[in-house]
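Input: a single structure, listed below in structure tokens.
The values are calculated or read from the model by the stated rules, or taken from the named source; none is laboratory data. Keep in mind it's a predicted model, so treat the numbers as computed, not measured. Glycine also receives a Cβ, built like all others from the backbone with ideal geometry; neighbour counts cover every protein chain displayed. For the accessible areas, the whole protein counts, side chains as well, though only heavy atoms, and no ligand, DNA or RNA atoms are used. Shrake-Rupley method; radii C 1.70, N 1.55, O 1.52, S 1.80 Å.
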Amino acid sequence: MSERIDYRTASPAAFKAMLAMETQVRGSGLEHSLIELVKMRVSQINGCAYCLDMHSKDARAAGETEQRLHVLAAWREAPFYSARERAALAWAEAVTLVSTNELPDALYDEVHAQFDDKSMVDLTLAIITINGWNRLAIGFRADVGSYQPKA
């Protein structure tokens, strides 16, 4: 599939707004490895090949294991994710699929046990941001495979 629009150049102001959200997420204090797992899981749910390619490369470059990336879609059944990562992944799934499910108090309580108020907001912003990037990449057919991590 060929790229429909280069959204970065078609609307620089929109791209700048998305980058501002991304900058906030990266500077939030959340663990880089956790953010990459959340980005990968949300991108799996949304079927975003561009973001899956990008974030798997970034995660591996930052030291993430192939095993954890390969098994991420079935994280509930795997023993090698921490309680904090599990809470973040459950929250990421629920927020991403908010139109078809509720965000029950039990889930909120589980996540809040691992994240303070600020971190919950930051985690939710990370989920919102990757959902936005997914929609830009899917909608405009970003060039899958072209991304290279920064050194």
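Couple of notes before you dig in:
- Modelled FRET efficiency - R0 30 Å, Leu97 with Leu125, Cβ distances, 0.05 increments: 0.95
- Max mean-square fluctuation residue, GNM over the chain, Cα-Cα springs under 10 Å, options His55, His70, His32: His70
- Quarter of Cα convex hull surface for the chain, i.e. mean projection, nm²: 9.5
- Solvent exposure ordering (accessible area, 1.4 Å, most first) of Met21, Met120: Met21, Met120
- For region 3-50, trypsin sites (Lys or Arg not before Pro) are listed when DSSP marks them as loop and at most 13 other Cβ atoms sit within 10 Å of their Cβ; the list is Arg4.
- All-pairs Cα distance distribution in region 1-43, expressed in whole percent, bin size 10 Å: 24, 37, 34, 5
- Loop chymotrypsin sites (Phe, Trp or Tyr not before Pro), region 68-104, which have at most 13 other Cβ atoms in a 10 Å radius of their Cβ (DSSP): Phe80
- Rounded to whole Å, the principal axis extents of the Cα atoms in region 1-83 read 44, 34, 21, largest first.
- In loop segments of region 62-151 as defined by DSSP, the trypsin sites (Lys or Arg not before Pro) with at most 16 further C-beta atoms inside 10 Å of their C-beta are Arg141, Lys150.
- Span-like helix check, the chain: qualifying full DSSP H segments, with Cα axial length of 24 Å or more and mean Kyte-Doolittle of 0.5 or more, are 117-139.
- Apolar share of the accessible surface for the chain: 57 percent from carbon plus sulfur atoms, 1.4 Å probe.
- Distance from the alpha carbon centroid of region 3-48 to that of region 120-144 works out to 5 angstrom.
- Each Cα pair under 8 Å and six or more residues apart adds its separation to the average, and for region 12-151 the resulting relative contact order is 39 percent.
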